[in-house]
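Coordinate-derived values only; no laboratory data. Here the structure is a predicted model, which is why all the values come from computation and not from measurement. So basically every Cβ, Gly included, is an ideal-geometry build from the backbone, and we count neighbours across all protein chains shown.
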Amino acid sequence: VCLLPVPVPSQVPSCISSGSVRLHASNPNLSTAALGTAKEDFCRVANNRKYSLLPTTNNSTDGSHPLVHQASNESRASITESLSEFFDAQEVLLSASSSENEASDDDSYISDNVSDNISMDNFSNETERPNSENGTLLRRRRSCLPSASPNTSNISLWNILKNNIGKDLSKVAMPVQLNEPLNTLQRLCEELEYSELLDRAANTQDPFERMVYVATFAVSGYASSYHRAGGKPFNPVLGETYECDRPDKGLRFIAEQVSHHPPISACHADSKNYIFWQDMRWKNKFWGKSMEIVPVGTTHVILPGFGDHYEWNKVTSCIHNILSGQRWIEHYGEISIRNTSTDICQCKVTFIKAKYWNSSVNEVEGTITDHKGKVIHRLFGKWNEGMYCGDPPSATCIWRANAMPADHEQYYGFTKFAMELNELDPSLKLLLPPTDTRLRLDQRLLEEGNVEAAEEQKQNIEQQQRDRRRVLEENTMTHQPTFFRKSKDDTWVSNNTYWDLRSDPGFAHLDCPVLW
C-alpha cells in the first residue's frame, strides 16, 4: 500500500491500482505508458515521505459520506508509527480538477470511502457557499483582524500578580494589553466551531456511535485554545450579551452575563438537529509559575430526533510559564458524559496531564461503554489535532482541527472562526441590542490597535459597573437577566425570548441597561 498524499500532476491516470490504493482523475484518455509512469511516480514519492492527512471538500454526488482518515506527524509514538507512516487505505479518491484539492509540501487533501462501522463527512468551514435550504449565497466573512496584537514585553506580570498568589484572579484588574479582542461570551461560542459533529450525531442511528460524535465534540471545543496562552478574554459586565447567527453552520447562539459575583456566563444555541446550552463560571488561581482555570458548571446537548439529553463537565486548564519563558496551555482531568434519557451507554474522556519525563502532551483517551461496563468504542488523539476511534493502524478519524490562518501568531493566535466572532457588519449593527459585545468600546479599540484608548474605555466600563452595583445594593435590588432564567435545579437556561424580540418589535423598544 502506497503512503499518501502526493503532489497531483497536471494529468493523472483515470485509475491507478496499487494494492488497495486507487487514484481517480478526470482525464480518461491517457495512454498505458502514462498510466505506468504516473503509478511509479506516485509510489516513489509516497514511500519517501511522511504526510499529515487532511479532509477535502466533499464532492460526492451520490449522497454518500466518504470516510476520512487523517493522521498527524506529531501524535504519540504508537499513533505516528501506525497512522502517519503506514496508513491503511482501501480506496482513495484524488481529484485534480480543483485547485483547493492540490497537495502542498505541508498538507494534502485526500478522501477515501473505506467502509467502516463509523462514517463521517468531510467537514468544511467555507465562509461563502450556497445555503442548502434556499440556494442563496451566504455573505463572506473576514479572514483577518484589523490590527496585530500589541507588544506586551514591557508589562511586568510579577508586579501585578505577586500579591495575589493563590487568589481568584477574576477580581484582579489587568492591563488591556494582556487581553485578546474577544469576550468570554464569545469564547463560549467558540466551542461550537465544530458543531458539524453534533449534526452528524443527530443523523446517526446507533446510540454508541452517537456518543462517539458527542464525545468528540466535547473535546473539539478545546482546540482553539492551543495558540491562545498569551492573552485572556475580556470579562463580560453584568447584563452584557452576545449573539451569533450562522446560517452556514445551521445554528443560532445567544449568551448573557447573568451574574457578576460570582461571575456566571450562560449561553444557548439551537439548530434543527440539536439544542446546546450551558452556564459556566471559572475559578482562577495563580500559583507563581502557572495559573489554573477551573470551570464550574455543566454542558448540555439535546438531540430531539432521538430524545437524547447529554450532560458533561469540563476539565481544568493550566497556563504554564506565566511570568517568563514560552507560555503554553494544557488541559487535564476527566470528562464524564452521560445520557440522562437512557443508561444504554456512558463515556469517560481523560485529558492526560503532561509529565516531565514524557515529551508527549495534549493526549486524550476515552472509552464508550454499555450499561454493563463493556467497552464498545475506544477514542484517542490530541485535543489540538484530532480524535480517532478504534485501534491503530485501522482507527477511524472522527475529527481533525482546522488549519490555522497565516500569521496567526501575530493576531492573538486566533483561528479563522475566532476572527469572525467580533466582526460587526453595518447591517447587523442595526439589529443588535445595545448590550451586545461587538458594541463594547474597549474591546473594539483593542481589536483596531488603539491600546491607550482601549485602556481608558476599559477602566470607564468597569467603573460604570461598580456604580450600577452600588445603586442596586443601596436600593436592596437584584439584577434580573433579560434573556435567561434560573431553572428548578438552580442552573441558567434560555427564556426563549431573544430571537422573537429581535424580529418583532426589535431591541430598540427594549429597556436595556447602559453598559458603556
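Within a 10 angstrom radius of the beta carbon, how do Ile461, Ile264 rank from fewest other beta carbons to most?
If I rank by nearby Cβ atoms, fewest first, I get Ile461, Ile264.
Report, in listed order, any pair from Lys314/Lys382; Lys285/Lys458; Lys429/Lys486; Lys348/Lys374; Lys289/Lys458; Lys285/Lys348 with a Cα-Cα distance greater than 20 Å.
Working: Lys314/Lys382 16 Å; Lys285/Lys458 23 Å; Lys429/Lys486 29 Å; Lys348/Lys374 13 Å; Lys289/Lys458 27 Å; Lys285/Lys348 26 Å.
With Cα atoms farther than 20 Å apart: Lys285/Lys458; Lys429/Lys486; Lys289/Lys458; Lys285/Lys348.
Given 0.36 nm per residue, what is the gain on full extension from Gln459 to Glu474 after removing their alpha carbon distance, in nm?
3.1 nm
Suppose every K and R has +1 on its Cβ and every D and E has -1 on its Cβ; what is the size of the dipole of segment 153-299 about the Cα centre, in Debye to the nearest 20?
That gives a dipole near 740 debye.
Have a look at Ser336, Ile376, Thr299 and report the one farthest towards the positive end of the charge dipole of segment 251-407, computed about the Cα centre with Cβ charges (Lys/Arg +1, Asp/Glu -1).
Final value for the positive-end residue is Ser336.
First obtain the Kirkwood hydrodynamic radius of segment 242-324 from its Cα pairs, then insert it into the Stokes-Einstein equation at 25 °C and 0.890 mPa s, and state the resulting D in µm² per second as a whole number.
166
Taking just the alpha carbons, could you work out the radius of gyration and Dmax for segment 342-420, both in angstroms?
Radius of gyration, then largest Cα-Cα span, for segment 342-420: 16.3, 50 Å.
Roughly what % of Cα-Cα distances in segment 382-444 sit above 19 Å, to the whole percent? If you can, show how the numbers build up before the last one.
Details: 1077 of 1953 pairs.
Across segment 382-444, Cα pairs with separations above 19 Å total 55 percent.
Evaluated at 25 °C with a viscosity of 0.890 mPa s, what Stokes-Einstein diffusion coefficient in µm²/s does segment 383-511 have when Rh comes from the Kirkwood expression over alpha-carbon pairs? Could you put the intermediate results ahead of the total?
Working: Rh = 19.3 Å.
Translational D for this selection: 127 µm²/s.
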